[in-house]
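The values are calculated or read from the model by the stated rules, or taken from the named source; none is laboratory data. It should be emphasised that the depicted structure is a prediction, and the values quoted were computed from it without experimental measurement. Cβ placement follows ideal geometry from the backbone for every residue including glycine, while neighbour counts extend to all protein chains displayed. Calculation scope for accessible area: heavy atoms of the full protein, side chains included, ligands and nucleic acids excluded. Shrake-Rupley method; radii C 1.70, N 1.55, O 1.52, S 1.80 Å.
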Amino acid sequence: MLASQRRSRILEEVQRSGAVRVSALVEHLGVSDMTIRRDLEVLAQEGRLRKVHGGAVLPGGPSIEEPGFAAKSGRQNPEKQAIAAEALRLVEPGMAVGLSGGTTTWTFARLLRDIGDITVVTNSVQVADLFSVEPRPDQTVVLTGGIRTPSEALVGPFAVAAIRSVNLDLMFMGVHGMDLRSGFTTPNLVEAETDRAFVETSRRFVVLADHTKFGVLGISTIAGIDAADVLITDSGLAEEYRTALRDRVGELIVVDAAESPG
């Protein structure tokens, strides 16, 4: 099937149902994940559809979409749990650890509560709430101030000032999307600035992102792909993407969601 024919089929599916998922198109058209995402990118540039998390919708409406925390919390849970379990291996007692907002970092925070003698700096209301349920004397949790976003993150100048006043051993960040050209992105311009402050103040920058985030594009870039010291993703990521990422990030870790204890 020619690329033009394939893209016509994709548009037919979008127009018929109003939205399509990358995974469904891969199965329906019998091509790779990367091929579908490239087709969606071309069609989006032509204004014939709009790319969203994990797929595409009919054009129109806002050019950016920021799902709320509750909306995202039900997505890719096995993948998030496997990624979180692997991320925990990087943390040692005595460390100062940063956590950005998002459901993947929240999943990681649930495990992080079991490690003592750590300081956690976060702009996530949900993450801070987790640690407040059963506070431990050997854990210090710092919640930045700021303006709350739909993803329950605190952003803006107050958050940035607080983040820039600390030095972090590890920064764990969830992202809205990642792209080889545009890097790690978010649909919130102010949140991007806050996340960049986290990256700048950390010794090691660790990105936690399941495979559905690849090819998704937010309006603002947080950091380039090569800024990540570690990228932890899951085995749903196509091999061709893995090869490309291994050449760009400090270390790529791919986990199997089927082996997750959750």
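Remarks
- Residues of the range 156-188 that turn out to be farther than 21 Å from Val97 by Cα, small (Gly, Ala, Ser) and in a strand (DSSP E or B), as a count: 2
- The single condition among (1) in contact with an Asp or Glu (Cβ under 6 Å, 6 or more places away or on another chain); (2) within 16 Å of Asp195 (Cβ to Cβ) that Val127 does not satisfy is (1).
Results for (1) open to solvent by 10 Å² or more (accessible area, probe 1.4 Å); (2) over 30 Å from Gly30 (Cβ atoms); (3) out of contact with any Ser or Thr (no Cβ under 9 Å at 6 or more places or on another chain); (4) not in a loop (DSSP other than H, G, I, E, B), shown as yes or no for each residue.
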site	(1), (2), (3), (4)
Arg136	yes, yes, yes, no
Val199	yes, yes, yes, yes
Arg203	yes, yes, yes, yes
Thr233	no, no, yes, yes
Thr243	yes, no, yes, yes
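- Top-ranked residue of the range 205-216 - restricted to ones that are of a type in the set (A, V, I, L, M, F, W, C) and in a loop (DSSP other than H, G, I, E, B), ranked as surrounded by the most Cβ atoms within 10 Å (Cβ to Cβ): Ala209
- Contact map, the range 84-110: first residue surrounded by fewer than 24 Cβ atoms within 10 Å (Cβ to Cβ), second residue part of a loop (DSSP other than H, G, I, E, B) and of a type in the set (S, T, N, Q), Cβ cut-off under 7 Å, separation 6 or more or different chains; pairs are Ala85/Ser260; Ala96/Asn167.
- The range 193-217, subset of a type in the set (Gly, Ala, Ser) and in contact with a helix residue (DSSP H, G or I) (Cβ under 8 Å, 6 or more places away or on another chain), residue farthest from Val91 (Cα to Cα): Gly215
- Within the option set Glu200, Glu191, being at pLDDT below 95 and charged (D, E, K, R) holds for one residue only, Glu191.
- Breaking point among (1) open to solvent by 10 Å² or more (accessible area, probe 1.4 Å); (2) among the β-branched types (Val, Ile, Thr); (3) farther than 17 Å from Thr104 by Cβ, for Thr144: (1)
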